[in-house]
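What follows is a set of notes on a single structure, which appears directly below.
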Amino acid sequence: MVATDIIGMTDVPEPVASTKADPSVFRDVVELTKPRIVTMILVTTVASAWIAVASQSLPGLSALQWLVLLVGTGLVAGSAGAANQVWERVIDTLMPRTASRPMASKRMSLVTGVGLTASGLLVGTSMLAWMFGGTPAIVGLATWILYVLVYTPMKRRTAWNTTVGAIAGALPVFMGYTAAGGTLDQVAGWMLFGILAAWQYPHFMAIAWLYRRQYGEAGFCMTTTVEPTGRHAAWQSIWGTLAMAASGVVLCVAPAGQPIWTLASAITAVLVVATCWPLMKAAWTFRRDPQDATARKMLRWSLVVLPVVLLVTTLRMIGL
Ligand code: HEM
Ligand SMILES: CC(C)=CCC/C(C)=C/CC/C(C)=C/COP(=O)(O)OP(=O)(O)O
């Protein structure tokens with residue numbers, strides 16, 4: 001049996017909570033890490049490192065440094081995804097969306113899940129500390145703690161969990177930014193953080209709407225379960241998209257705090273707004289007509305808009 005996935009692009013197997021669902025151990029290990037989220041986090045890490053180098057006139061990273069940054073960050077982020085699945089192995093059985101995960105379906109043992117989580121965290125953090133010193137490693141560890149130990153239990157208590165999740169999802173920009181030599185007091189780094197944190201509202205409000213029944217039945221506290229008309233979710237998406245565009249514009253125009261009025265800053269600022277526009281339109285349409293179709297459109301646009309905004313801002317910084 002097949003079903004359409006959340007963004008309506010491909011057919012995916014209907015989730016089944018059975019030990020026979022997926023015999024591939026390798027596939028389970030990958031699935032445990034939430035690979036699509038990790039991939040997007042790595043995209044943000046690369047953009048952040050590049051923007052730090054270009055905006056602060058730093059020497060670029062060597063090939064080995066890029067490799068260690070990507071593998072180290074990927075391991076820490078994958079470990080966070082794994083820890084979340086270990087923690088939620090029982091509640092994940094209550095939602096068709098998550099019931100076929102390796103831990104929830106019991107295809108993977110608790111010992112293996114915990115072992116993979118611990119080794120990913122240890123190896124990833126050590127690699128970052130060895131190559132780049134303490135800051136990126138400490139930011140990674142703090143992100144891991146916030147996501148696993150604060151956000152994960154909060155999901156069943158208050159819809160404010162999304163704000164904590166958005167902070168955790170945005171902090172990895174500082175791993176790339178500081179690994180490349182940037183510091184935590186620079187405007188460019190904080191604008192990148194702003195882009196990421198704000199983007200997660202349209203991204204997640206769409207998901208929270210599409211899965212509102214599953215979240216509600218499993219006992220999760222999301223904006224769409226505590227306010228089921230979708231109005232709050234829509235407004236959070238609209239404000240999130242606006243804040244994302246504003247952070248992107250500031251990054252293009254005033255990467256060091258002081259506005260620099262050049263053709264490049266004006267063109268890229270306009271491009272940032274133009275890129276965010278379809279997401280804003282989708283959020284507005286969702287506000288007027290909160291339905292699965294309008295939410296799915298918003299989710300799809302969120303996944304397109306983030307990499308494009310990062311590309312535009314990176315090109316601006318490297319002076320193209
Ligand atoms: C409040 C923060 C966030 C929440 C609650 C959240 C939640 C989710 C959930 C539940 C899914 C899975 C949807 C499904 O099962 O089909 C998902 C998909 C995804 N998320 Fe997020 N997310 C957040 C932040 C992030 C961040 C920071 C990134 C990366 C920068 C990210 C990237 C993705 C990607 C690439 C997908 C894959 C979409 C697909 O299924 O094809 N998310 N998110
Ligand atoms: C470097 C490092 C430690 C990075 C970690 C950052 C990270 C994993 C951010 C993810 C953001 C997030 C809240 C995802 C949803 O989890 P969820 O639990 O709501 O999703 P689920 O319901 O599908 O399990």
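From the list Leu58, Leu69, exactly one residue is among the hydrophobic types (A, V, I, L, M, F, W, C), over 26 Å from Gln258 (Cα atoms) and either modelled with pLDDT of 95 or more or away from ligand 1 (no atom under 14 Å from the Cβ) (or both). Which is it?
On inspection, the qualifying residue turns out to be Leu69.
Conditions (1) open to solvent by 20 Å² or more (accessible area, probe 1.4 Å); (2) within 13 Å of ligand 2 (Cβ to nearest atom), marked per residue:
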{"site": "Leu121", "(1), (2)": "yes, yes"}
{"site": "Pro136", "(1), (2)": "no, yes"}
{"site": "Val148", "(1), (2)": "no, yes"}
{"site": "Pro153", "(1), (2)": "yes, yes"}
{"site": "Leu171", "(1), (2)": "yes, yes"}
{"site": "Thr178", "(1), (2)": "no, yes"}
{"site": "Thr183", "(1), (2)": "yes, no"}
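Is there a residue being in the same structural domain as Trp301 (by TED's automatic domain parsing), more than 20 Å from Arg287 (Cβ to Cβ) and crowded, with 19+ Cβ neighbours inside 10 Å anywhere in segment 223-246?
No, there is no match, as no residue in segment 223-246 is in the same structural domain as Trp301 (by TED's automatic domain parsing), more than 20 Å from Arg287 (Cβ to Cβ) and crowded, with 19+ Cβ neighbours inside 10 Å.
Show the residue pairs that are 6+ apart or on different chains and have beta-carbon atoms under 6 Å apart, the first residue being within segment 130-142 and touching a residue at least 24 places away in the same chain (Cβ under 8 Å), the second being within 16 Å of ligand 1 (Cβ to nearest atom) and assigned to a helix (DSSP H, G or I).
Close Cβ pairs satisfying both conditions: Pro136/Met175; Val139/Phe174; Val139/Met175; Gly140/Val76; Gly140/Met175.
When the residues of segment 150-196 are narrowed to those that are without any contact (Cβ under 8 Å) to a residue 40 or more places away in the chain, within 15 Å of ligand 1 (Cβ to nearest atom) and assigned to a loop (DSSP other than H, G, I, E, B), which ends up farthest from the chain's Cα centre (by Cα)?
For segment 150-196, the residue satisfying everything is Trp160.
I'm trying to understand the selection: among the residues of segment 31-79, which are away from ligand 2 (no atom under 14 Å from the Cβ), without any contact (Cβ under 8 Å) to a residue 40 or more places away in the chain and under 17 Å from Thr135 (Cα atoms)?
Trp66
To keep it simple, each residue is scored yes or no on (1) within 19 Å of the chain's Cα centre (by Cα); (2) in a loop (DSSP other than H, G, I, E, B); (3) assigned by TED's automatic domain parsing to the domain that holds Trp160; (4) within 30 Å of Leu184 (Cβ to Cβ).
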{"position": "Val249", "(1), (2), (3), (4)": "no, no, no, yes"}
{"position": "Ala266", "(1), (2), (3), (4)": "no, no, no, yes"}
{"position": "Trp284", "(1), (2), (3), (4)": "no, no, no, no"}
{"position": "Val305", "(1), (2), (3), (4)": "yes, no, no, yes"}
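The values are calculated or read from the model by the stated rules, or taken from the named source; none is laboratory data. These figures come from a predicted structure and were not determined experimentally. FYI the Cβ positions are ideal-geometry reconstructions off the backbone, even for glycines, and counts take in every protein chain you see. Heads up: the accessible areas ignore ligands, DNA and RNA and are worked out on the full protein's heavy atoms, side chains in. Shrake-Rupley method; radii C 1.70, N 1.55, O 1.52, S 1.80 Å.
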